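The values are calculated or read from the model by the stated rules, or taken from the named source; none is laboratory data. If you're wondering where the values come from, they're calculated on a predicted model, not measured in any experiment. Reconstructed Cβ throughout: ideal geometry from the backbone, glycine too, with neighbour counts over all protein chains shown.
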Number of protein chains: 2
Amino acid sequence: MARVRVHNFTITLDGIAAGPGQRLDAPFGDGMDKVHDWMEVAQADRAAGKSGLGADRIDGYAEGVGATIMGRNMFGPQRGAWEDESWTGWWGDNPPYHHDTFVLTHHLRPSIPMEGGTTFHFTDEPIEAVLERALKAAGGRDVVIAGGAHTVQQYLRAGLIDELNLVIAPILAGSGEHLFDDVANALGAFQVTEMVSDPSATFVRLERQ
Amino acid sequence: MARVRVHNFTITLDGIAAGPGQRLDAPFGDGMDKVHDWMEVAQADRAAGKSGLGADRIDGYAEGVGATIMGRNMFGPQRGAWEDESWTGWWGDNPPYHHDTFVLTHHLRPSIPMEGGTTFHFTDEPIEAVLERALKAAGGRDVVIAGGAHTVQQYLRAGLIDELNLVIAPILAGSGEHLFDDVANALGAFQVTEMVSDPSATFVRLERQ
């Protein structure tokens, strides 16, 4: 059965997914520049052929995933109508998705086929309909809800997420978007099935029971 | 230098220190019955002469501590005026503090000397004045701000806490008192100096820089 997953979504110790002031040179906002340091450790481990909690998580990211859904704020720092259509995401010419990637936005654009198999689709359909399209595109593989917090919360509240793999970075942000805001009822369906740490982060898995 | 510490303060993965509906048979409120399971593991480890993250934390609790401050809701499930003065805390005749323990409340009572050296003092003084009394009573040793969340937050916002030793239990509560609510500015002074996990919990240390 294809699952709907959140994978390697990183929050601070105080539960913040993005600080205030998200912009081109601070994609996760103020106070968040160290939030993904665990990924550098993981990539160094993997490059050195070493195992590690973070490296395992990165390896597991793409495994069995056939489509991705993200919010428009995760796709880029622009807000409101597109001033032009030159922006094709944060990830360069060959984004790390390699499959159909649906961007939730009220500001539609033509789909963007990228190198390496990623195609960005822009949609203002209801989140349930977007998930149906993504599941179809994934052809039996899993769908990842990539972020940001608001998009994850929408899918959580709709009861559509099976598994959350969260990473807790050992930093404090103080203010910003709290992942766990207003999802109290949705969280009742989940149990923590794994919680492990290394010096870079704490890695948590929540699964719908 | 005597330090002001929060020690072994336990929150859920979603940052909740106490659920709704705190009462005699649910001191931490609904959905929180497993929040201190790590302590059972720690006590079993200690009884068996084994080391462990939780056991080390419990051993460190009393070390060098000379006075404790807590909120009235941590002292008991009653709210408002005392109906009678028979309640002497959750901890039986010999509470685990063994020193002067100040209870913040608008509803004053005479001090209660207990077995084993704990004396509960009830005070409606400003939190700064209570801390001064506690530091004096501690005679050069540390003061622990025991909880609940509201009391910890008051001392955090006042900039009076040096170190927080938190425990993150691998459970989700959904709703209740969030430890990290409205302490954004206060958290800016702290850094995460330790974050380690075992299957029972994640243990975090935050220190004022």
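Looking only at residues that are over 17 Å from B:THR10 (Cα atoms) and within 7 Å of another protein chain (Cβ to nearest Cβ) in segment B:188-199, which one is modelled with the lowest pLDDT?
Here the answer is B:GLY188.
Would you be able to tell me the number of residues in segment A:184-199 that are farther than 20 Å from B:LYS34 by Cα and either among the hydrophobic types (A, V, I, L, M, F, W, C) or surrounded by fewer than 21 Cβ atoms within 10 Å (Cβ to Cβ) (or both)? Spell out how you get there, then give the answer.
Keep residues of segment A:184-199 that are farther than 20 Å from B:LYS34 by Cα, which gives A:197-199.
Narrowing the set further to residues that are either among the hydrophobic types (A, V, I, L, M, F, W, C) or surrounded by fewer than 21 Cβ atoms within 10 Å (Cβ to Cβ) (or both) leaves A:198-199.
Result for segment A:184-199: 2.
Within segment B:126-155, count every residue that is surrounded by fewer than 21 Cβ atoms within 10 Å (Cβ to Cβ) and on the phi > 0 side of the Ramachandran plot.
Residues flagged as surrounded by fewer than 21 Cβ atoms within 10 Å (Cβ to Cβ) and on the phi > 0 side of the Ramachandran plot within segment B:126-155 amount to 2.
Are there any strands (runs of 3 or more DSSP E) wholly within segment A:100-148 with 1 or more residues that are farther than 12 Å from A:GLY66 by Cβ and in contact (Cβ under 8 Å) with a residue 60 or more places away in the chain, and if so which?
Correct list: A:142-147.
Please state which one of B:GLY21, B:GLY52 is more than 18 Å from the chain's Cα centre (by Cα) and without any contact (Cβ under 8 Å) to a residue 40 or more places away in the chain.
Numbers: B:GLY52 fails: without any contact (Cβ under 8 Å) to a residue 40 or more places away in the chain.
Exactly one of B:GLY21, B:GLY52 is more than 18 Å from the chain's Cα centre (by Cα) and without any contact (Cβ under 8 Å) to a residue 40 or more places away in the chain, namely B:GLY21.
For every residue, the table says whether it meets (1) hydroxyl-bearing (Ser, Thr, Tyr); (2) surrounded by 16 or more Cβ atoms within 10 Å (Cβ to Cβ); (3) over 18 Å from B:HIS7 (Cβ atoms).
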{"residue": "B:ASP59", "(1), (2), (3)": "no, no, no"}
{"residue": "B:GLY66", "(1), (2), (3)": "no, yes, no"}
{"residue": "B:GLY71", "(1), (2), (3)": "no, yes, no"}
{"residue": "B:MET74", "(1), (2), (3)": "no, yes, no"}
{"residue": "B:ALA81", "(1), (2), (3)": "no, no, yes"}
{"residue": "B:TRP90", "(1), (2), (3)": "no, no, no"}
{"residue": "B:ASN94", "(1), (2), (3)": "no, no, yes"}
{"residue": "B:TYR97", "(1), (2), (3)": "yes, yes, no"}
{"residue": "B:MET114", "(1), (2), (3)": "no, yes, yes"}
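I'd like to know if segment B:44-65 contains one or more residues that are among the polar types (S, T, N, Q), over 23 Å from B:HIS121 (Cβ atoms) and out of contact with any Asp or Glu (no Cβ under 8 Å at 6 or more places or on another chain). I'd like the intermediate steps shown before the answer.
Here is the first cut: in segment B:44-65, the ones among the polar types (S, T, N, Q) are B:51.
Among the residues that remain, those that are also over 23 Å from B:HIS121 (Cβ atoms) are: B:51.
Next cut, out of contact with any Asp or Glu (no Cβ under 8 Å at 6 or more places or on another chain) only: none.
Within segment B:44-65, none of the residues are among the polar types (S, T, N, Q), over 23 Å from B:HIS121 (Cβ atoms) and out of contact with any Asp or Glu (no Cβ under 8 Å at 6 or more places or on another chain).
Condition first: of a type in the set (Val, Ile, Thr), farther than 23 Å from A:LEU187 by Cβ and modelled with pLDDT of 95 or more. Can you find one or more residues in segment A:119-136 that meet it? Show your work before the answer.
Looking only at segment A:119-136, we keep the residues that are of a type in the set (Val, Ile, Thr), and these are A:119, A:123, A:127, A:130.
Narrowing further to those that are farther than 23 Å from A:LEU187 by Cβ: A:119, A:123.
The next check asks that each one be modelled with pLDDT of 95 or more; those that pass are A:119, A:123.
Yes, that holds for at least one residue.
Need the failing condition index for B:VAL167 against (1) β-branched (Val, Ile, Thr); (2) farther than 30 Å from A:VAL192 by Cα; (3) within 17 Å of the chain's Cα centre (by Cα), just the number.
(2)
Read through the list (1) away from chain B (no Cβ under 13 Å); (2) charged (D, E, K, R); (3) within 19 Å of A:THR202 (Cα to Cα), then give the number of the only condition that A:ASP14 fails.
Status for A:ASP14: all satisfied but (1).
What number of residues within segment B:99-111 satisfy the criterion of being among the hydrophobic types (A, V, I, L, M, F, W, C), within 18 Å of B:ALA146 (Cα to Cα) and either touching a His at 6+ places or on another chain (Cβ under 8 Å) or surrounded by fewer than 18 Cβ atoms within 10 Å (Cβ to Cβ) (or both)?
We begin by selecting, within segment B:99-111, every residue among the hydrophobic types (A, V, I, L, M, F, W, C); these are B:102-104, B:108.
Still in the running and within 18 Å of B:ALA146 (Cα to Cα): B:102-104.
From what's left, either touching a His at 6+ places or on another chain (Cβ under 8 Å) or surrounded by fewer than 18 Cβ atoms within 10 Å (Cβ to Cβ) (or both): B:102-103.
Qualifying residue count for the region: 2.
Of all residues in segment B:200-209 being among the polar types (S, T, N, Q) and closer than 26 Å to A:GLY188 by Cα, which is nearest to the other protein chains (Cβ to nearest Cβ)? Write out each step before concluding.
Kept after step one, since they are among the polar types (S, T, N, Q), are these residues of segment B:200-209: B:200, B:202, B:209.
Filter once more, so that each one left must be closer than 26 Å to A:GLY188 by Cα: B:200, B:202.
Values: B:SER200: 9, B:THR202: 5 Å.
Ranking the qualifying residues of segment B:200-209, first place goes to B:THR202.
Tell me yes or no: at least one residue of segment A:164-184 is free of Cβ contacts under 8 Å to residues at least 24 places away in the same chain and away from chain B (no Cβ under 11 Å).
Here is the first cut: in segment A:164-184, the residues free of Cβ contacts under 8 Å to residues at least 24 places away in the same chain are A:184.
Keeping just the survivors that are away from chain B (no Cβ under 11 Å) gives none.
Among the residues of segment A:164-184, not one is free of Cβ contacts under 8 Å to residues at least 24 places away in the same chain and away from chain B (no Cβ under 11 Å), which makes the answer no.
Please determine whether any residue of segment B:123-139 is more than 24 Å from B:GLY89 (Cα to Cα) and more than 11 Å from chain A (Cβ to nearest Cβ). Reasoning before the result, please.
Filtering segment B:123-139 down to residues more than 24 Å from B:GLY89 (Cα to Cα) leaves B:139.
Remaining after also requiring more than 11 Å from chain A (Cβ to nearest Cβ): B:139.
Yes: one or more hits.
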